[in-house]
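All remarks here apply to the structure that follows.
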Amino acid sequence: MTRTVLGGGAVLDPVRGEVSAAEVAIEGGLVAEVGPGLTGDERVDVSGLTLVPGLIDCHAHMAFAGTDSFDSEVPPHLRLLRAVPELAATLRLGVTTVRDAWGADAGLRDAIAEGTVVGPRLLISLAQLSGTGGIGDHFSPATGDDSSFLGSPWLPRGVFDGPAEARGAVRRMVRSGADVIKVAMSGSVTQPNAEHVLIADDEIAEIVAEAARHDVLVMAHAHGARAAESAARAGVRSIEHGFFLDEEAIAVMAEHGTWLVPTLLAAHGDEPETGAPPWQHRARDASARSFAMALDAGLSIGMGTDCPVTAHARRLEELALMHRLGLDPAGVWRAATSDAARLLDRPDLGLLEVGRRADVVAVAGDPWSFDDLGPRVRRVWKDGAEVR
């Protein structure tokens, strides 16, 4: 196997919060060695750049190019083909892994894995589990149709009522290749039921228990405090969004070791002067308060963007937002790398250390600044192969 050395630059360790003069040797798609003065068969000059681990987006929708793709009238193949350039562009930004929060199926995940489509590796949730009338229920009163508008048997129906149906919904997702289970505990932030608890305690308990039987984790869409609290008590791995948390909900999350994936970009992506909708004004202030309380309580944070609610090309703004709203620079890098890997239970990702996947991002400028981070990403390697 060819041993390639990325030399002449510096290496950022998000766990120690340190940048040191070092080089990275890559062999067989893995990190083979990290340190000064390395030798290899090939040498890539990264002088003046800082090498950081491949970034991990813990909440995005990679099967959609933009919010217009949520339209049920868009043919499934057109929707996916529109997403192909966004997948490649996301990888060029240094995001080498994405936990897809609804929309991508096993075909898209596997097409990337085999190299047919260029993009970050995907961990998929398929459809989002939802009670009748929740955000995963695509019932049309006009037609009486309650199937998913995505139009693929590889994205099974996620609507259920009661613990027994909840168990069956988890099994359908696992049968179709889900890497993680997503459940919608509350409504959409764009709707009046954003803070309502839409899943009963016995239903979420059964979802978590059945997912555990299949050795998969559960991520819970929850904007409201009581919805997040119920999900945390049941043992979900992470609360997604959490825009309207309170001290009681955060205390329960801390007690149960529940992670927060704040997706700040979804609330802060459009400034008021650009004509942001009314819900976004409220969500912007609330999410900032919730995030500050989460940091004060010491909750574990995973970076997530909820793109394309904000355009895929802007996803690295999430790091700047986390920093601006109170997370220290080393913590921001951890949320996007090593901590994100822990959230996903992927010990092969998240750090530049021997034996981990050689996902490497070469960044220009001050590595502790997140302003204009996208243009400062100069080179990217995924599994040891440079992204062109």
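Coordinate-derived values only; no laboratory data. Since the model is a prediction, treat every value here as computed from it, not as a measurement. Counting neighbours? That spans all protein chains shown, and the Cβs are built from the backbone with ideal geometry, glycine included.
Data for the structure
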item: Qualifying chymotrypsin sites (Phe, Trp or Tyr not before Pro) in region 324-388, DSSP loop, other Cβ atoms within 10 Å at most 13; result: none
item: Exposure proxy order (Cβ contacts within 10 Å, fewest to most) of Thr2, Thr96, Thr263, Thr50; result: Thr2, Thr50, Thr96, Thr263
item: Cα→Cβ-extended label distance, 7 Å offset, between Gln191 and Asp371, nm; result: 4.1
item: Inter-probe distance in nm under a simple model that places probes 7 Å from Cα toward Cβ, at Asp285 and Asp202; result: 4.0
item: Formal net charge of residues neighbouring Pro14 (Cβ-Cβ distance under 12 Å; K, R +1; D, E -1); result: -2
item: Size of charge dipole - the chain - debye, nearest 20, with Cβ of Lys, Arg +1 and Asp, Glu -1, no other charges; result: 660
item: Residue order, fewest to most beta carbons within 10 Å, for Val84, Val5; result: Val84, Val5
item: Among Val98, Val252, Val197, residue whose mean-square fluctuation peaks in a GNM of the chain (springs only between Cα atoms under 10 Å); result: Val252
item: Mean Kyte hydropathy of 0.0 or more with a Cα span along the axis of at least 24 Å, helices from DSSP in the chain; result: 76-92
item: Calculated FRET efficiency for the pair Arg16/His256, C-beta based, R₀ 41 Å, to 0.05; result: 0.90
item: Gain upon complete extension [Ala164, Ala364; 0.36 nm per residue less C-alpha separation]; result: 66.7 nm
item: For the chain, calculated [θ]222 nm from helices alone, where every DSSP H run of n ≥ 4 adds -39500 (n - 2.57); result: -9000 deg cm²/dmol
item: Coil-residue trypsin sites (Lys or Arg not before Pro) of region 1-94, DSSP, other Cβ within 10 Å capped at 13; result: Arg16
item: Cleavage-rule hits, GluC sites (Glu not before Pro), region 73-133, DSSP coil, Cβ neighbours within 10 Å at most 14; result: Glu73, Glu114
